[in-house]
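Read the structure below first, then the notes.
Every number here is computed from the coordinates shown, using simple stated rules; none is lab data. This is a predicted model, so every value here is computed, not measured. Neighbour counts run over all protein chains shown; Cβ positions are idealised from the backbone, glycine included.
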Amino acid sequence: MIKVAMCWDDGPSTDIRLTSICRKYGAKATFNLCPKWISAKTTLPTWQSQPQVGVWSHKGFQCGRVGLDRLHEVYDGFEVASHCMCHETVGKNMPLDRFLKGAIDARKFLEDEFQKPCRGFAWPCGQYDDHSALGLQEAGFAYGRTTEQTVDPQRYVHPLILKSNGHFQDGNFWEKFEAAKANGSKFFYFWGHSYEMVDCEGLWNQLEEKIRLFSEDPDVSWANVIDIVS
Ligand SMILES: [Zn+2]
């Protein structure tokens, strides 16, 4: 038996389709959200007609964001976790207190909104350092997901520096899953952004197939990310 956990970052409106796939197969998932990016109204994805300077997009795909109007419809029943208020990223231009405030305020927002503890964290841009990790631990966070990889997510040096088995679009995704099983790992954990599938049916089908295969595998059960450190 192996438990499979997954998490998804940034709250793009492509999470609407992703959560409906998860519900269809009874899959658990954690969504790492930035409350400052949650507007009153949901904005849907669009392709830029031409490259635009200073406007964020994924290869020209503006992913939109889930807004307050659909926040519960989309995320209720899943775990939500802090990804800082507006993606505050650890680095030399980010004072520690500003980073920690971003992380903690996001958690408070999510706990008020969803009326449950939200002790998870995902490091924006995967950037972390020891001071920030200790600060998050003191603030009561249970884990912090990096973008580094391991064959066994439970063999962490520190739970605030948690590694996953990889990214959902890794070319050797299934080899990594087999390696985790061969290693005797109790968890297989992957992450991504739903906007990386843009509006490409082939990519969405690829992910749905992964989720379907896990759900139909009698030796697999779904888990939440926080279960890895519990
Ligand atoms: Zn992010």
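What share of the DSSP beta bridges in the chain is antiparallel, in percent to the nearest 5?
Of the beta bridges lying entirely in the chain, close to 15 percent run antiparallel.
Whole-Hz ³J(HN,Hα) for each residue in region 18-23, computed from phi via Karplus 6.51 cos²θ - 1.76 cosθ + 1.60 with θ = phi - 60°, x for glycine and proline: what do you get?
4, 5, 5, 5, 4, 5
Rounded to the nearest 0.05, what FRET efficiency do Trp56 and Lys116 have when you use their Cβ-Cβ distance and R0 = 30 Å?
Result of the calculation: an efficiency of 0.50.
Output the peptides 107-117, 45-55 sorted from most to least packed, where packing is the average of other Cβ atoms within 10 Å over each peptide's residues.
So the peptides 107-117, 45-55, ranked by packing, come out 107-117, 45-55.
Using the Karplus equation 6.51 cos²θ - 1.76 cosθ + 1.60 (θ = phi - 60°), what ³J(HN,Hα) coupling, rounded to whole Hz, does each residue of region 26-42 give in order, writing x for Gly and Pro?
Once θ is set to phi - 60°, the couplings for region 26-42 become x, 8, 7, 7, 10, 10, 9, 10, 10, x, 5, 8, 8, 7, 4, 10, 5 Hz.
Report the charge-dipole magnitude of region 2-229 in Debye, nearest 20, computed about the Cα centre from +1 at each Lys and Arg Cβ and -1 at each Asp and Glu Cβ.
It comes to approximately 220 debye.
Pop a pseudo-label 7 angstrom from the Cα along the beta-carbon direction at both Thr89 and Cys125 and give the gap in nm to one decimal.
Simple spin-label model gives 0.3 nm for this pair.
To the nearest 500 deg cm²/dmol, what mean residue ellipticity at 222 nm is calculated for the chain from DSSP H runs of n ≥ 4 alone, each contributing -39,500 (n - 2.57), summed and divided by the residues? Let's see the in-between values first.
On the way: 7 runs with 76 residues, N = 230.
The helix-only estimate for the chain comes to -10000 deg cm²/dmol at 222 nm.
Using amide H atoms built 1.01 Å from N in the peptide plane, name the residues 5+ places from Trp222, or on other chains, whose amide H lies under 5 Å from its own.
Answer set, sorted by chain and number: Val4.
Explain nothing, just compute: Karplus ³J(HN,Hα) = 6.51 cos²θ - 1.76 cosθ + 1.60, θ = phi - 60°, for every residue of region 168-180 in order, whole Hz, x for Gly and Pro.
5, 9, 4, x, 9, 3, 6, 5, 5, 5, 5, 5, 5
Could you give the nm distance between label points at Asp69 and Arg212, where each point is 7 Å from its Cα heading toward the beta carbon?
3.3
Output the pairs from Lys28/Lys116; Lys59/Lys210; Lys28/Lys108; Lys24/Lys186 with a Cα-Cα distance over 20 Å in this structure; if there are none, say none.
Lys59/Lys210; Lys28/Lys108; Lys24/Lys186, as the Cα separations exceed 20 Å there.
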